[in-house]
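Okay, so here's the structure we're looking at.
We did not get these values from a lab; they are worked out from the coordinates using the rules stated. Source: prediction; values computed, not measured. Cβ sites come from the backbone with ideal geometry, for glycine too, and all protein chains shown count toward neighbours.
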Amino acid sequence: MKKALLVCGLVSVLLVAGCSENQQTDPVIEQPETTNVQENTLREVIAENLASPWSIAKAEQTFYVTERGGSIVKIEDGEMERQQVQLEKELATASEAGLLGFVLAPDFAETGIAYAYYTYEDGSGQYNRIVTMRLEDGLWREEQLLLDQIPSGSFHHGGRIKIGPDGKLYATAGDASAADIAQEPGSLGGKILRLNLDGSIPDDNPVPDSYVYSAGHRNPQGLAWTSDGKLYASEHGNRANDEINLIEAGQNYGWPIIEGKERQEGLISPIFTSGDGTTWAPSGMDVYENKLYVAALRGTAVLEFDLAANSYHEVITDVGRVRDIWIDGDDMYMITNNTDGRGTPQQGDDKLYKISLSQLNSEEK
């Protein structure tokens, strides 16, 4: 009874829809047998010797890749430049922490402005924050604080930020290894957050005067929108039970009350789950032809989720841990994450790869 009261008490305005009958007829999809597709001839190394890279951003033909240790690598015309970053707070050295999400402002070409999510430590504790940074003469400087004191702990920092088709900034916040805060309306932890680009709260957020867009998340690390404007997120489960969720404003995705294939009235179950026996550790993601392409860390693969067929399979499986994906036209770019202390680095790791999705899909048919 206490848990049920907690769910429906997750700010009544936020979860009016979430405390009604769940409209999903079958929110959990049974996955088919996976297949391995090794397409070395279609894969090109764009850059190598990256150090624990986390996020890909791209402007025209120039890439910017964040490294957790506090650098941004500029990659242009085959040349790499590791650019210094000056932050207002000291980067945290906790596991999974550091300089994480990164996205260029829509007017980056004129202003040099980007948005970043990072974990820091100071006298008051360890937190995550979202800031703007400006690039000048090859140096990134923190310029404006947008949102501070997002919970952080030993693990589960979240960290993905993306600008949605509505022009708002979305951020994934983990539960900071304190599962119950995902159900606490006053906490930013275990949530997907939505803010204006100046850091203010959008008037149409599901809860007035709150950055919370959805609740009940454990450690979401990927965001992507399909052409019809639907938002999808990837989320790390508890040991297994990783999830791909269709995100709707004001809904509650259940952690830690339910996970994986479990259901409960008023809570939203995933559209895909790895189940009890499989771990993906899904991270960055993007969309191509109504399919979600998701980086998998412990799954050491790129996973392709076909939304129309309700199925998934592996399309890249021989590069180790994959952290982030960026799709531009018919090309998919991905970064490996074998140097983060949990992988087995090979020569040249970590790398930024380019894969032709049109050729890959034609080979699969």
Roughly speaking, what is the centre-to-centre gap between segment 247-299 and segment 38-89 when only Cα atoms are used, to the nearest Å? 27 Å
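Please get the size of the charge dipole for the chain, origin at its Cα centre, with Cβ charges of +1 on Lys and Arg and -1 on Asp and Glu, quoted in debye to the nearest 20. Walk me through the numbers before you get to the answer.
Working: 29 positive and 57 negative charges, 178 e Å.
Here the chain has a charge dipole of around 860 debye.
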Counting pairs of alpha carbon atoms under 8 Å apart in space and at least six apart in sequence, what relative contact order in percent does the chain give? 17 percent
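Over 22 Å between C-alpha atoms is what I'm after, so list which of LYS58/LYS162; LYS58/LYS191; LYS58/LYS89; LYS168/LYS261 land there.
Numbers: LYS58/LYS162 13 Å; LYS58/LYS191 26 Å; LYS58/LYS89 26 Å; LYS168/LYS261 31 Å.
From the list (LYS58/LYS162; LYS58/LYS191; LYS58/LYS89; LYS168/LYS261), the Cα-Cα distance tops 22 Å for LYS58/LYS191; LYS58/LYS89; LYS168/LYS261.
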Reachable aspartates and glutamates, given that their alpha-carbon falls under 15 Å from the alpha-carbon of LYS291 and they are not under 8 places away in the same chain: ASP228, GLU304, ASP306, GLU314, ASP328, ASP330, ASP331, GLU364
Considering segment 137-220, what Rg and Dmax in Å follow from its alpha-carbon atoms? 13.2, 44
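What does the charge add up to near THR300, with Lys and Arg as +1, Asp and Glu as -1, over the other residues with Cβ less than 12 Å from its Cβ? Before the final figure, lay out the partial values.
Values: positive: ARG298, ARG321, ARG323, ARG342; negative: GLU314, ASP318.
Computed value for this residue: +2.
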The convex hull of the Cα atoms of segment 211-277, divided by residue count, gives a volume in Å³ per residue of 88 Å³
Residue-span extension gain [ASP330 to MET80] - 0.36 nm each, minus C-alpha spacing: 87.6 nm
Express the Stokes-Einstein translational diffusion coefficient of the chain in µm² s⁻¹, to the nearest whole number, given a Kirkwood radius over alpha-carbon pairs, 25 °C and a viscosity of 0.890 mPa s. 120 µm²/s
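Expressed as a whole percent, how much of the Cα-Cα distance distribution for segment 305-365 exceeds 13 Å?
Details: 1239 of 1830 pairs.
The answer is 68 percent, as a whole percent.
For segment 279-365, what relative contact order do you get, as a whole percent, if you take Cα pairs closer than 8 Å and at least 6 residues apart? Please report the intermediate quantities before stating the final value.
Working: 189 pairs, mean separation 17.6, N = 87.
It comes to 20 percent, rounded to a whole number.
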Using amide H atoms built 1.01 Å from N in the peptide plane, name the residues 5+ places from ILE258, or on other chains, whose amide H lies under 5 Å from its own. none
Using amide H atoms built in the peptide plane, which far-off residues or other-chain residues are under 5 Å from GLN144 H to H? THR132
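Sort the following peptides by mean Cβ neighbour count (other Cβ atoms within 10 Å, averaged over residues), highest first: 174-181, 321-328.
Details: 174-181: 21.0, 321-328: 23.5.
Averaged packing, sorted descending, gives the order 321-328, 174-181.
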Relative contact order of segment 175-246, pairs being alpha-carbon contacts under 8 Å that are 6 or more residues apart, as %: 22 percent
